[in-house]
Every structure is written in C-alpha cells, then in structure tokens.
1. Of these, LYS200, LYS130, LYS172, LYS192, which one is basic (Lys, Arg) and without any contact (Cβ under 8 Å) to a residue 40 or more places away in the chain?
2. What is the residue count in segment 165-201 for residues that are within 16 Å of the ligand (Cβ to nearest atom) and not acidic (Asp, Glu)?
3. Where residues in segment 19-78 are within 20 Å of PRO216 (Cα to Cα) and among the acidic types (Asp, Glu), which of them is surrounded by the most Cβ atoms within 10 Å (Cβ to Cβ)?
4. For a quick check of your reading: which helices (runs of 4 or more DSSP H) sit entirely within segment 1-91 and have at least 3 residues that are more than 18 Å from the chain's Cα centre (by Cα)?
5. For segment 85-117, give me each residue that is aliphatic (A, V, I, L, M), open to solvent by less than 10 Å² (accessible area, probe 1.4 Å) and out of contact with any His (no Cβ under 9 Å at 6 or more places or on another chain).
6. Please enumerate the residues belonging to segment 144-190 that are in a loop (DSSP other than H, G, I, E, B) and more than 18 Å from the chain's Cα centre (by Cα).
7. Please specify each residue of segment 101-118 satisfying the condition of being in contact (Cβ under 8 Å) with a residue 60 or more places away in the chain and more than 16 Å from the ligand (Cβ to nearest atom).
8. Quick one: in segment 208-265, of everything that is part of a loop (DSSP other than H, G, I, E, B) and among the polar types (S, T, N, Q), which residue is most open to solvent (accessible area, probe 1.4 Å)?
Amino acid sequence: MSVHSSASVKRVTTHTLQEMKLRGEKISMLTAYDFSMAKIVDEAGMDIILVGDSASNVMAGHETTLPITLDQMIYHASAVVRAVKRSFVVVDIPFGSYQGNSTEALRSAIRIMKESGAHAVKVEGGSEIKESVIRILSAGVPVMGHLGLTPQSIYKFGTYTVRAKEESEAAKLLEDAKILEECGCFAIVLEKIPASLAKKVAEAVSIPVIGIGAGPHVDGQVLVMHDMLGITQEFKPRFLRQYADLQKTMLDAFQQYITDVKNRDFPTDRESY
Ligand code: KIV
C-alpha cells in the first residue's frame, strides 16, 4: 500500500520526529543511495532515508566507508532527493570532510545541502567534533549525531565488535550524547552498543535516538538497505533482520535470462516488432 495515495503528502521534518519521540511512536529509518530504490522506500512510508557513507561499501565495493568522497556523497544524495516526496533525507558527511576544523565542516555541510537538496547531515563522534557541530547548526543545517561503533574510525578501533561494553567508554558515550543534544542535534544514531546503555541514553536525552544493533529500547531503528534485503549475503551480524532474499531472486532472474537468450527463447515474435 502506498502512503502517497492522497494528493497532498505531509513531509517528515525534525519537528515531526521530535513529536514522534514525545508520543512514543517508533521512527523507521533505512539507507538508500539511488533514485529508483529511494522512490520505493519513500512510497513505503519510511520516516527517514539515510544516504549513508555505507555507499562506499555497498555501492562502490570498498572495504570501509573511508574512501567515499564528498562529491560522490552529493551525487548519491541528489538522486535520492529527486525521488522523495515524504521522507526526511539525511546525508553522511564523509570521512575527511569535517574532522579538520569547523570551517571545513561547515563548507562540506553547505555543499551537501545546496547541491543535493537534502534536509540534514550526519556526523560521527562526540566532544571531539563539538565545534564543528555547533558551526554547522549555526548555519541552520540540522545535524544528526552518530555514537558507538563509528565506522569512519575503524582503524582506531581495529574491529567491528560491540562498543562501550567497558564502564569508562559507556560513561563517555552517555556524556557525548548529552553534549550533542546541548549543541542542538535533532537526533542521534547509536551503533552496536549494549541495549541497556542505549536505553539509558534514550531516556537521558530528549531528542530521538535511532539504533542499529542497539536493542529495542530506543526511539527508532535504522538498517542498511542491501543487508536487510539480502542483496549482500556476506554481512550477517546478530542485529540484522533479513526481510528478503533478493540475492537469490536476482540470481535466479539473471540465470533464467541467460538461459532464455542461449536457447533462443527470448525474444519471441510477441516481444519483437
Ligand atoms: O552509513 C550508514 O549506513 C550508517 C548507518 C549504519 C547508520 O551510518
């Protein structure tokens, strides 16, 4: 069923998301990187579409999110924005485009907003990027934070295992969440941390907290599209629920097409002019 059946579509805004937290209504968020997929995700009624730097992995085939560039993120984001009628579109500022200083961060955020038409940006980190977050917000650009497992710092962590299991790291994460809220972030993503800590964070801040591998006691959930559709089969962490097996469906379709071509079954007279 499409949520766009009526002529006037009510767009999701930061205000809508804040109200959803207040009402206790869970927020749905999924990644998308291109026009055709974003159109379907928006039609389905997703609250937030994240143009994640996971595009570096699932679209470009890189091992990490580090190589994707600001220009490439803007290319993906503008395709998504062209498809969307209702969802709130958030774009990751890629590695190396905001960590240097707050002027660089602001310049990157403005390029994303101006050139793609997106509605907000997302950045990874807490106190260490506070100045950049404040500077971006001062230009009127909504910012979503991202704490816990932050894939842009993978070479610092060395592994993709659960973060903040130790008391000191958990305390810093909670403190960082409060700092991001104080700065004015409209929401925070928590990735791969214990469910009990995520619950504590969601209760401690008044802005929506969206989890990925952070348990059920947060204000919403986010997944990477290619993982939840089963297009990628190599990546199966415990937190991932696979809603389809599109790799099999697509393989079957491609193989059937090859067979039909080889056997001269395609095209038939009815499929010819
Ligand atoms: O890039 C991405 O897809 C993300 C999600 C995992 C939250 O940041």
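The values are calculated or read from the model by the stated rules, or taken from the named source; none is laboratory data. This one's a predicted model, so the numbers in the text were calculated from it and none came from an experiment. Note: ideal-geometry Cβ built from the backbone for every residue, glycine included; neighbour counts use all protein chains shown. Areas reflect the complete protein model, heavy atoms only, side chains present, ligands, DNA and RNA absent. Shrake-Rupley method; radii C 1.70, N 1.55, O 1.52, S 1.80 Å.
1. Every option except LYS200 fails the conditions.
2. Total meeting the criteria: 13.
3. Going through the qualifying residues, I end up with ASP47.
4. Per the criteria, 14-23.
5. ILE93, ALA105, ALA109, ILE112, listed by residue number.
6. Residues satisfying the conditions are GLY158, THR159, THR161, VAL162, ARG163, ALA164, LYS165, GLU166, GLY184.
7. Scanning segment 101-118 gives no hits.
8. Among residues in segment 208-265 that are part of a loop (DSSP other than H, G, I, E, B) and among the polar types (S, T, N, Q), the one most open to solvent (accessible area, probe 1.4 Å) is ASN263.
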